[in-house]
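Participant: Once you've had a glance at the structure underneath, I'll fire off some questions.
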Amino acid sequence: MSTKFSAFDAAEYLDNDEVIAAYLNEVIDENDSDLFLSALADIARARSMSKVAEDSGLGRESLYKALRPGAKPGFVTISRIMGALGVRMVAKPVKLKTKRAVLAKTAKTASKPRHARARAST
């Protein structure tokens, strides 16, 4: 008898503002732009892509395009999407050790060619 597994969809568990904020904060701490876009897409699916597109002033196709791995949406686009999702970015100080780790990871990611970063996230 074989075991069957269903695909995990984070959107199914993003059912209130506190859970969404905690999820997004954990993803932001990873400092991975593709993971961040994926998390925003999960939240958008949980809230209804059509509604998020309408509330952000983006077309549905543009919203999907902005949130796909490897996309490079601008700050204004991310800000509009986050506003439509009911969340915002907040800056917080980081400890020196954490700061060094974030800077090292950012430098490592930025040195990879764009197509390699997109492949690594899939």
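No lab work stands behind these numbers, since they all come straight from the coordinates. On a predicted model such as this, the values are computed, not experimentally measured, just so you know. A quick note on method: Cβ atoms are made from the backbone with ideal geometry, for glycine too, and the neighbour counts reach across all protein chains shown.
Participant: If you take the Cα Rg of the stretch 1-70 and divide it by 2.2 N^0.38 Å, with N the number of residues, what do you get? Could you put the intermediate results ahead of the total?
Facilitator: Numbers: Rg = 13.7 Å, N = 70, 2.2 N^0.38 = 11.1 Å.
Normalised Cα radius of gyration, the stretch 1-70: 1.24.
Participant: Right, here's the next one. How many nm is it between the label spots at Asp17 and Leu35, if each spot is 7 Å from the Cα in line with the beta carbon?
Facilitator: Calculated label separation equals 2.6 nm.
Participant: Hey, another quick one. Please compute the modelled spin-label separation between Leu103 and Ser79, points set 7 Å along Cα→Cβ, answer in nm with one decimal.
Facilitator: It is 2.7 nm.
Participant: Using unit Cβ charges (K, R positive; D, E negative) and no other charged atoms, how large, in debye to the nearest 20, is the dipole of the stretch 1-93 about its Cα centre?
Facilitator: Here the stretch 1-93 has a charge dipole of around 380 debye.
Participant: With a cut-off of 16 Å, note down the residues of the stretch 16-35 whose backbone N falls inside the zone around a label point 7 Å from the Cα of Lys51 toward its beta carbon.
Facilitator: 16-21
Participant: Distance cut-off 32 Å, Cα to Cα: go down the list Lys4/Lys105; Lys51/Lys105; Lys72/Lys92; Lys65/Lys92; Lys4/Lys92; Lys72/Lys95 and report the pairs above it. Don't skip to the end; give the middle numbers.
Facilitator: Details: Lys4/Lys105 36 Å; Lys51/Lys105 34 Å; Lys72/Lys92 24 Å; Lys65/Lys92 29 Å; Lys4/Lys92 43 Å; Lys72/Lys95 28 Å.
Result: Lys4/Lys105; Lys51/Lys105; Lys4/Lys92 exceed 32 Å.
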